[in-house]
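Every number in this text was worked out from the coordinates using simple rules, so none of it is lab data. The model shown is predicted, which means the values in this text are computed figures rather than measured ones. For neighbour counting, all protein chains shown are included, and Cβ atoms are generated from backbone atoms with ideal geometry for every residue, glycine included.
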Amino acid sequence: MPLSTTIELSGVALHRDGRRVLDGLHATFRSGEVTALTGPNGSGKSTVLDAIAGVVPWSAGRVTGLPADVAYVPQSVPPTALPLTVRDAVAMGRWRARPWWRPSTRRDRSVVEAQLERLAVADLADRSFDRLSGGQRQRALVALGLAQEAAVLLVDEPTAGVDAASAALVVAALAEEARGGVVVVHAAHDPVAVAAADALVALGQPSASPACS
């Protein structure tokens with residue numbers, strides 16, 4: 001089980017493409033909780049995830065408690081970006097635990113198979129990733145993120161454009177991961193995903209502080 005983690009953002013600002021996206025953001029993300037970032041398009045949800053993941057720098061403010069052990073599932077990946085089988089794509093999540101050129105261990109293979117089952121894509125394991133439907137692809141990407149076994153799991157729009165069954169599987173997997181002590185943060189428009197979160201951070205408002213759901 002990951003160590004207890006509390007990430008604090010105090011008055012942070014973020015820029016993207018030369019434009020200030022957020023200013024004066026205060027938020028807390030805790031292990032054991034699923035936190036949903038909400039707000040209109042352009043409010044900075046994806047930018048916050050990118051900053052936590054280290055993809056974009058913090059422009060101002062203070063960030064404490066952020067571990068280096070972060071897994072990030074983007075909103076979408078073009079099918080051709082992963083010209084692999086579903087099993088091979090999910091196995092990429094184990095690269096953080098060992099150099100990619102080294103053979104996978106028994107534990108690596110066990111983790112991959114467990115996540116394939118968890119997200120109901122085990123029957124698709126030998127199918128090419130670029131032949132998956134949108135819902136299947138999203139479940140496979142979440143399985144890839146879970147396979148990393150990171151202390152922090154970030155997911156951008158985990159249920160966007162997927163059917164109800166896929167959405168329910170993803171939401172349940174994120175909740176289970178949080179119960180295991182992981183910090184889970186996702187950006188969401190989907191009311192079902194938002195309602196299932198333990199805490200909310202509303203962006204694009206005068207005060208973007210977390211409020212428990």
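Suppose R0 equals 35 Å; then what is the FRET efficiency for ALA202 and ARG179 from their Cβ-Cβ distance, rounded to the nearest 0.05?
Result of the calculation: an efficiency of 0.90.
For SER110 and SER76 in one chain, what is 0.36 nm times their gap in residues minus the Cα-Cα distance, to one decimal in nm?
Residue separation times 0.36 nm, minus the Cα-Cα distance, leaves 9.7 nm.
Translational D (Stokes-Einstein, µm²/s) of segment 7-65 at 25 °C and 0.890 mPa s when Rh comes from the Kirkwood sum over C-alpha pairs?
Numbers: Rh = 11.8 Å.
Diffusion coefficient, whole number: 209 µm²/s.
Could you work out the helix-only [θ] at 222 nm for the chain, with each DSSP H run of four or more residues adding -39,500 (n - 2.57) and the total divided by the number of residues, to the nearest 500 deg cm²/dmol?
-9000 deg cm²/dmol
Using θ = phi - 60° and the Karplus curve 6.51 cos²θ - 1.76 cosθ + 1.60, what whole-Hz ³J(HN,Hα) does each residue of segment 109-116 get, with Gly and Pro shown as x?
For segment 109-116, the Karplus curve yields 5, 5, 5, 4, 5, 5, 6, 4 Hz.
Computed FRET efficiency, Cβ-Cβ of ARG19 and ALA120, R0 41 Å: what is it to the nearest 0.05?
FRET efficiency, ARG19 to ALA120: 0.55.
Between segment 1-55 and segment 96-124, what is the separation of their alpha carbon centroids in Å?
29 Å
Which of [x] 12.1; [y] 11.4; [z] 15.2 is the computed mean projected area of the Cα convex hull in nm² for the structure on display?
[y]
Percent antiparallel among DSSP beta bridges with both residues in the chain, to the nearest 5?
50 percent
What residue among GLY54, GLY135, GLY145 shows peak mean-square fluctuation when the chain is described by a Gaussian network model with Cα springs under 10 Å?
Most flexible of the set in this elastic network: GLY54.
Calculate the spin-label point distance for ALA165 paired with HIS26, positioning each point 7 Å from the Cα along the beta-carbon direction, and give it in nanometres.
Those two pseudo-labels are separated by 4.6 nm.
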